């Protein structure tokens, strides 16, 4: 009986260690599709609403780094807007990209990410993004 209890405790602790050491980037990796909407035309007068597709991949730079390839859909066809490096905050379930003029931040909730583009130094939010995970076919 003591051996069975010891084995059970060992298996539970091993399972716990595995869960803690899982790669936090895995929750974000994949294809995401949705809308990127302009919300402040005074701060960003050239902004345009976009239907977007984000392809998120792990980066070799570090254990909390991701690469996001961003496309907008124009006339039914994806057009690449660029590739950005994001950093994962596992506790907050966010990914963030900071650059000279602003910060992208997306929050993971299940199979959706919601986020913003905030301008520096004003702190004004100029875009709101909502994308859903694209299920594998």
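For region 100-115, a tally of residues being in contact (Cβ under 8 Å) with a residue 12 or more places away in the chain, out of contact with any strand residue (DSSP E or B) (no Cβ under 7 Å at 6 or more places or on another chain), under 18 Å from residue 27 (Cα atoms) and not in a strand (DSSP E or B) returns 0.
Would you mention how many residues in region 104-126 are surrounded by 12 or more Cβ atoms within 10 Å (Cβ to Cβ) and more than 18 Å from residue 83 (Cβ to Cβ)? Can you show your working first?
Going through region 104-126, the residues surrounded by 12 or more Cβ atoms within 10 Å (Cβ to Cβ) turn out to be 104-108, 111-120, 124-126.
Now drop any that are not more than 18 Å from residue 83 (Cβ to Cβ), which leaves 107-108, 111-112, 114, 116, 118-120, 124-126.
So the answer is 12.
Within region 116-123, can one find any residue that is modelled with pLDDT of 95 or more, within 11 Å of the chain's Cα centre (by Cα) and assigned to a strand (DSSP E or B)? Let's see the steps before the verdict.
Keep residues of region 116-123 that are modelled with pLDDT of 95 or more, which gives 116-123.
Now narrow it down to the ones that are within 11 Å of the chain's Cα centre (by Cα): none.
Checked region 116-123: no residue is modelled with pLDDT of 95 or more, within 11 Å of the chain's Cα centre (by Cα) and assigned to a strand (DSSP E or B).
The values are calculated or read from the model by the stated rules, or taken from the named source; none is laboratory data. For clarity, every value in this text was computed on a predicted model and none was experimentally measured. Don't worry about glycine lacking a Cβ; one is built from the backbone with ideal geometry, like all the others, and counts go over all protein chains shown.
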